[in-house]
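Take a look at the structure set out below.
The values are calculated or read from the model by the stated rules, or taken from the named source; none is laboratory data. Predicted model, so just to flag it, every value in this text is computed and none were measured. All Cβ positions, even for glycine, are placed from backbone atoms using ideal geometry, and neighbour counts span all protein chains on display.
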């Protein structure tokens, strides 16, 4: 399948299927991948709050931040938390406000600067980390990381014995993905290098010694992604159609379990 980068460059990329891991990979991977994040259109790095869509995004983000930390605390009440791909630092700040010792990693300098304005220090690279953590989170980050298997090993090596790993990624088997096809906003090429199913995550992490202990839906993602997909498909924002297809996706997932995005909760085998 050919997919256009609708948000930044307008370039076309291919999705190649990996039958062993049941995932798609984006090809080619640009050598200057970082330049594809250098845009005010890349909202997770800008805290954009101008138009109605950005205001809606920021409102939903505030609500979901609370849900995310409460989900983590169901498994690990307190401790040391690392957020990889921390963006502008909102989840780290939320965890700190809840009493966690929390830090994060964010390679993009402008996003780190915005985090700093909020009083949140973020490391530039995970290679700077020497500690182990009770919880490591990657909220829509794993799909951005070129060295996938090496990253999983890194995560395993930096978790405490009873540590929890939280991975949130889009799901290409969701109804909204099937409906929008190449216009599905969560393909987000070339920033998203990998495109996962539930089976993908299970295979990748079990191979490296993890055990999947839970899967949770991200209900708002179906609406956000459908609104953006509708814009890519028709050239204009259509809130009614976007909301409709987001709702259909969530209703379909009540039966199939294939939500637009899913949160995977993992622990290292034999360490529970």
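A few remarks follow.
- Residues of the stretch 118-144 that are part of a loop (DSSP other than H, G, I, E, B) and buried (at least 18 other Cβ atoms within 10 Å of the Cβ): 120, 140, 141.
- Per the listing 149, 161, the residue uniquely touching a residue at least 40 places away in the same chain (Cβ under 8 Å), part of a helix (DSSP H, G or I), under 26 Å from residue 105 (Cβ atoms) and more than 16 Å from the chain's Cα centre (by Cα) is 149.
- Applying the condition of being without any contact (Cβ under 8 Å) to a residue 40 or more places away in the chain and crowded, with 21+ Cβ neighbours inside 10 Å to the stretch 99-117 and asking which residue is farthest from residue 30 (Cα to Cα) yields 100.
- Residue match in the stretch 216-239 (condition: assigned to a strand (DSSP E or B), within 21 Å of residue 75 (Cβ to Cβ) and under 16 Å from the mean Cα position of the chain (by Cα)): yes
- Whichever residue in the stretch 145-162 is touching a strand residue (DSSP E or B) at 6+ places or on another chain (Cβ under 7 Å) and closer than 17 Å to residue 206 by Cβ and, among such residues, is surrounded by the most Cβ atoms within 10 Å (Cβ to Cβ): 155
- Single residue of 191, 202, 175 found to be over 16 Å from the mean Cα position of the chain (by Cα), closer than 17 Å to residue 138 by Cα and crowded, with 17+ Cβ neighbours inside 10 Å: 202
- Looking only at the stretch 248-272, residues that are farther than 20 Å from residue 67 by Cα, part of a helix (DSSP H, G or I) and in contact with a helix residue (DSSP H, G or I) (Cβ under 9 Å, 6 or more places away or on another chain) come to 5 in all.
- Test: residue in the stretch 166-174 that is free of Cβ contacts under 8 Å to residues at least 60 places away in the same chain and touching a helix residue (DSSP H, G or I) at 6+ places or on another chain (Cβ under 6 Å): no
- Matching residues, the stretch 180-200, being in contact with a helix residue (DSSP H, G or I) (Cβ under 6 Å, 6 or more places away or on another chain) and either part of a strand (DSSP E or B) or at pLDDT below 95 (or both): 194
- Test: residue in the stretch 239-246 that is under 30 Å from residue 163 (Cα atoms), surrounded by 23 or more Cβ atoms within 10 Å (Cβ to Cβ) and either at pLDDT 95 or above or in contact with a strand residue (DSSP E or B) (Cβ under 8 Å, 6 or more places away or on another chain) (or both): no
- Of residues in the stretch 1-29 being more than 20 Å from the chain's Cα centre (by Cα) and closer than 23 Å to residue 107 by Cα, the one modelled with the highest pLDDT: 28
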